[in-house]
Amino acid sequence: MHREKLIQIRSATVADDVAVGELLVRSFIDMYARKLPDVKVSDRRKAELLDVAGRRAIAHVWVALVGEEI
């Protein structure tokens, strides 16, 4: 029997910061590699993307979960 996994949307918490930050960095780098292969993502930009706690301090951050995975 095929079971569909439901997507749950919820507010991000401090426990999500690392996973969300890593996802943002991977996604950003992957998209740049496809669209602008000669552009390299700086360490400063990676640090900005990893700063999910800073983003949560000034805005509402949401996560989408499939099962337990962001």
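The values are calculated or read from the model by the stated rules, or taken from the named source; none is laboratory data. Quick caveat: nothing in here was measured; it's all calculated off a predicted structure. Glycine also receives a Cβ, built like all others from the backbone with ideal geometry; neighbour counts cover every protein chain displayed. Please note that ligands, DNA and RNA were not included when accessible areas were found on the heavy atoms of the full protein model with its side chains. Shrake-Rupley method; radii C 1.70, N 1.55, O 1.52, S 1.80 Å.
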Just subtract the alpha-carbon distance of Trp62 and Asp43 from 0.36 nm times their residue separation and send over the number in nm, one decimal.
4.4 nm
In a Gaussian network model over the chain where Cα atoms closer than 10 Å are linked, find which of Val18, Val52, Val39 has the largest mean-square fluctuation.
Val39
Can you list the GluC sites (Glu not before Pro) in the range 23-70 that are in a DSSP coil and have 12 or fewer other beta carbons within 10 angstrom?
Glu68
Nothing charged except the Cβ atoms of Lys and Arg (+1) and of Asp and Glu (-1): what's the magnitude of the dipole of the chain about its Cα centre? Round to the nearest 20 debye.
200
In the chain, what trypsin sites (Lys or Arg not before Pro) fall in a loop by DSSP, with at most 16 other Cβ atoms inside 10 Å?
Arg3, Lys5, Lys40
Roughly how many Å² is the accessible area per residue of the chain, as a whole number, for a 1.4 Å probe?
83
Selection from Pro37, Leu65, Val18, by position along the positive dipole direction of the chain (Cβ)
Pro37
